[in-house]
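One structure is given below, encoded as structure tokens.
The values are calculated or read from the model by the stated rules, or taken from the named source; none is laboratory data. Being a predicted model, the structure only gives us computed values, none of them experimental. We place every Cβ from the backbone using ideal geometry, glycine too, and count neighbours over all the protein chains shown. Calculation scope for accessible area: heavy atoms of the full protein, side chains included, ligands and nucleic acids excluded. Shrake-Rupley method; radii C 1.70, N 1.55, O 1.52, S 1.80 Å.
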Amino acid sequence: MTDKAVPKGTWVQIHQQILTPEQRAPQVPEDTAKVPLVMITKGFLENEGQMGQIVTVRTLCGRSIEGKLIKVLPRFAHDFGDAVPELLAIGPRVRALLEGGEKQ
Amino acid sequence: MKDNSYQAVMARSNEIMKKAIGMDYSQFARAQLAFDYQALMTEAGYSLEEVVAIQRETGVGNTPLYELKNITKLARMTAPKGKGARIFLKDEASNPSGSFKARRAALSVYHAAKHGYKGVVAATSGNYGAAVASQAAIRGLKSIIVQEAFDSRGVYQPEIEEKGRACEAYGSEVLQLSVGPELFYVFLRVLEDTGFFNASLYTPYAIAGVETLGWEIVQQLKNQYDVKPDMVVITNAGGGNLTGTARGLQKAGSDAVVVGASVDLKGLHMASDNDFNRKSFTTGHTGFGVPFTTWPDRADVPRNAARPLRYMDRYVTITQGEAFYVTELLAQLEGLERGPAGNVSLAAAVALARELDEDQVLVVQETEYTGAGKHVNAQLSFARKNGIEISVGNPADSVPGKSIILPEHPRQIQIVDLDMDDLRRSYLNHALGTLKGAKPLPEDISFLAEDCRVTPEFIESIAQGVK
Ligand SMILES: Cc1ncc(COP(=O)(O)O)c(C=O)c1O
């Protein structure tokens with residue numbers, strides 16, 4: 001961890017606790033009731049900030065939102081995943097079926 | 001200062017909603033349960049001609065219709081002699097933002113702009129977020145999308161992460177939440193803070209937006225192939241896709257059998273933090289489909305304009321493995337790489353085609369876009385990382401949340417029919433239960449009869465059992 005200041009205007013991700021476990025809706029299942037409801041959003045830092053500190057960001061639609069600074073230039077981590085051999089086997093098998101004209 | 005506690009905001013819900021939709025639903029109320037559905041759809045909605053014109057303005061609709069010749073051939077190989085309908089596919093991924101949800105968003109955003117709202121808010125982890133964001137971008141409105149996105153470990157469902165990215169790409173503020181129904185509380189607070197329009201999926205505008213989809217199917221089949229649809233299969237979750245499409249089919253004079261299809265996620269709890277990342281579908285599944293079919297008025301508007309029991313002739317389920325398998329078939333045999341959730345109805349279609357004659361016409365009513373996270377390989381890889389067992393065999397042996405089984409042979413694609421009368425009974429129990437012991441009035445009975453297509457006697461028999 002570094003305590004170098006993150007400059008004003010940087011695109012960052014912030015974290016906010018919305019409800020503590022005690023404040024959660026009565027109908028939520030047991031496992032969900034044990035954890036807080038949290039919110040993550042992104043925006044441009046309105047002032048210089050520090051990781052882990054409460055900051056204010058300006059969102060893409062222009063609102064100001066406060067929260068704990070958790071990431072700088074947040075990365076999209078989703079991808080196409082590891083190869084799935086069971087999936088790769090499907091194409092050749094059904095093509096062979098079509099070509100062979102197998103019945104049933 | 002305003003009390004923004006959970007209880008206080010929920011107590012203001014009706015007031016907040018009225019402002020955020022700009023319509024008083026009480027004008028359509030006719031008795032305790034009864035409301036005038038057709039009046040809601042015609043007076044508050046838009047005519048088909050208006051919808052077409054509004055959607056043309058932002059490039060929505062008029063998506064291609066393809067005949068899936070190789071998948072039809074494969075279905076016929078597993079069908080009795082003379083059986084195996086021609087399977088057609090409406091390629092809704094060609095809409096701006098990549099799904100049929102653009103049709104709904106086009107109307108919501110048009111309506112919001114027309115009534116002077118500066119922005120729109122939608123509570124959705126699905127394709128609707130990107131659709132609203134895209135339509136708002138075209139019409140110069142601001143947009144905020146509230147998503148249920150990750151579990152308490154901070155692990156995102158990859159498909160939702162992709163949809164969040166897409167919303168951001170179109171200029172939305174994206175609020176991502178951990179698992180739980182209190183998302184609605186955050187949504188209400190945003191509506192109250194901003195004064196923006198509630199671009200609900202369930203307003204008459206949103207449903208009218210889907211009617212063009214059913215209408216186009218009939219026109220395209222006639223113009224391109226000179227045939228009529230005998231059966232239309234529709235991926236079902238909140239019920240708007242089915243309701244809107246079926247209304248459009250009817251307006252085009254079609255009497256096609258309307259089949260809803262969902263992925264079976266029995267046993268997984270939708271509000272459970274533990275179950276959240278044990279499912280590989282974020283929509284088109286029974287976790288939404290069954291509760292919304294059996295009680296549509298659980299939505300974020302006073303009366304839901306999506307009322308699937310009015311239009312659904314059958315409701316079938318398939319497994320996650322079968323939906324993934326046909327997603328692969330669609331790419332490998334038809335050259336169309338599309339998202340898995342949109343292919344739920346395609347899986348059902350392979351099984352349904354075997355029931356129909358070779359010259360009959362079966363329409364798979366949509367596709368959705370695919371991309372990182374929102375992809376069959378991404379989902380299976382993610383499921384395996386989460387301890388879900390992936391194998392090849394008989395999908396009927398799979399257990400949602402524990403295993404996914406890809407069929408070994410296309411003959412193993414099999415649908416399970418839900419009992420329509422059970423669904424209707426459940427709907428009536430919900431509806432009559434809201435009366436808290438009061439007797440339904442004659443107008444309530446005729447409304448309920450129409451709302452789930454049963455006789456008044458059927459309702460009387462249920463009413464006697466409800467306390
Ligand atoms: C691609 C796709 N298909 C089907 C559905 C189901 O639509 P509905 O919720 O209106 O039943 C959705 C929405 O959740 C979707 O995004």
Mind checking which lysines have their C-alpha under 16 Å from B:Lys266, skipping anything on the same chain fewer than 8 residues away? B:Lys279, B:Lys402
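Would you kindly work out the equivalent ellipsoid of region B:420-465 from its C-alpha gyration tensor and give its semi-axes, the square roots of five times the eigenvalues, largest first in whole Å? Please list the in-between numbers first.
Details: eigenvalues 42, 29, 16 Å².
They are 15, 12, 9 Å, listed from largest to smallest.
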Plugging the Cβ-Cβ distance of B:Asn429 and B:Lys114 into 1/(1 + (r/R0)^6) at R0 = 45 Å yields, to the nearest 0.05, a FRET efficiency of 0.70
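Based on the Cβ-Cβ distance of B:Asp357 and B:Gln219, what FRET efficiency does E = 1/(1 + (r/R0)^6) give at R0 = 22 Å, to the nearest 0.05? Intermediate results must be reported in sequence, preceding the final value.
Numbers: r = 23 Å, r/R0 = 1.07.
With R0 = 22 Å, the Cβ-Cβ based efficiency is 0.40.
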Quick one: Karplus J couplings for region B:162-170, per residue in order, coefficients 6.51, -1.76, 1.60, θ = phi - 60°, nearest Hz, x for Gly and Pro? 5, 5, x, 4, 4, 4, 4, 4, 8
Whole-Hz Karplus couplings 3J(HN,Hα) for region B:269-278, θ = phi - 60° and coefficients 6.51, -1.76, 1.60, Gly and Pro as x, run 8, 5, 9, 8, 4, 5, 7, 3, 9, 9
Just counting partner chain Cβ atoms within 10 Å, what average do the residues of peptide B:5-18 show around their Cβ? 1
Describe numerically, in nm with one decimal, the distance between label points set 7 Å from Cα along Cα→Cβ at A:Leu97 and at B:Lys18. 5.8
Counting helices only, and only those DSSP H runs with n ≥ 4, report the 222 nm mean residue ellipticity of chain B as the sum of -39,500 (n - 2.57) divided by its residues, in deg cm²/dmol to the nearest 500. -12500 deg cm²/dmol
Could you run the Karplus curve 6.51 cos²θ - 1.76 cosθ + 1.60 with θ = phi - 60° over region B:108-122 and give me ³J(HN,Hα) per residue in whole Hz, x for Gly and Pro? 4, 6, 4, 4, 4, 5, 4, 9, x, 6, 8, x, 10, 10, 9
Can you pull out the trypsin sites (Lys or Arg not before Pro) in region A:1-91 that DSSP calls coil and that have at most 15 other Cβ atoms within 10 Å? A:Lys4, A:Lys8, A:Lys34, A:Arg75
With no solvent and one point on each alpha carbon, what is the Debye value of log10 I(q)/I(0) for the protein assembly as shown at q = 0.10, 0.11 Å⁻¹? -0.84, -1.03
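Here are some pairs, B:Lys101/B:Lys142; B:Lys90/B:Lys163; A:Lys8/B:Lys101; A:Lys42/B:Lys142; which of them have Cα atoms lying more than 26 Å apart in this structure? Spell out each step's value before the answer.
Working: B:Lys101/B:Lys142 18 Å; B:Lys90/B:Lys163 22 Å; A:Lys8/B:Lys101 37 Å; A:Lys42/B:Lys142 16 Å.
Too far apart for the 26 Å limit: A:Lys8/B:Lys101.
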On complex formation of B with A, accessible surface lost, both sides summed, probe 1.4 Å, nearest 100 Å², amounts to 4700
To the nearest µm²/s, what D does Stokes-Einstein give for chain B at 10 °C and 1.306 mPa s, using the Kirkwood radius over alpha carbon pairs as Rh? 71
Whole-angstrom gap from region B:128-181 to region B:432-467, using each part's C-alpha centre: 39
Report the net charge of residues surrounding B:Asn274, where surrounding means a beta-carbon distance below 12 angstrom and charges are Lys +1, Arg +1, Asp -1, Glu -1. -1
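Between B:Ala29 and B:Ser446, what's the calculated FRET efficiency when r is the beta-carbon distance and R0 is 22 Å? Round to 0.05.
Details: r = 14 Å, r/R0 = 0.66.
Here the calculated transfer efficiency is 0.90.
Counting only heavy atoms of the protein chains, get the accessible area per residue of region B:420-465 (1.4 Å probe) and round it to a whole Å² value.
Ligands and nucleic acids excluded, the result is 53 Å² per residue.
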Centre separation in Å (Cα based) which lies between region B:205-274 and region B:1-72: 17
So, in nm, how far is label B:Asp421 from label A:Gln53 when the simple model puts each one 7 Å beyond its Cα toward the Cβ? 6.9
With bins 5 Å wide starting at 0, give me the P(r) of region B:275-393 over every alpha carbon pair, in whole percents. 2, 10, 17, 20, 19, 15, 11, 5, 1, 0
Name the long-range amide H neighbours of B:Val316: under 5 Å, sequence gap of 5 or more, or other chain; modelled H, no Pro or chain starts. B:Gly260, B:Ala261, B:Ser262, B:Leu418
Let me know the Rg and Dmax you get for region A:11-100 when you use only its Cα atoms, in Å. 22.1, 68
Expressed in nanometres to one decimal, the distance between label points 7 Å along Cα→Cβ at B:Ala169 and B:Asp397 is 4.0
Any idea what the dipole of chain A comes to, in debye rounded to 20, about its Cα centre with Lys/Arg Cβ at +1 and Asp/Glu Cβ at -1? 320
Within straight cross-link reach of A:Lys4, meaning Cα distance under 17 Å, which lysines are found once same-chain residues fewer than 8 apart are removed? A:Lys68, A:Lys71
Give me the distance between the Cα centres of region B:301-327 and region B:373-428, rounded to whole Å. 14
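Taking beta carbons within 10 Å but only from partner chains, what does the mean come to for residues A:89-100?
Mean number of neighbouring Cβ atoms from other chains: 5.
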Among the aspartates and glutamates, which fall within straight-line cross-link reach of B:Lys2, defined as a Cα-Cα distance under 16 Å, with same-chain neighbours fewer than 8 residues apart omitted? B:Glu15, B:Glu192, B:Asp193
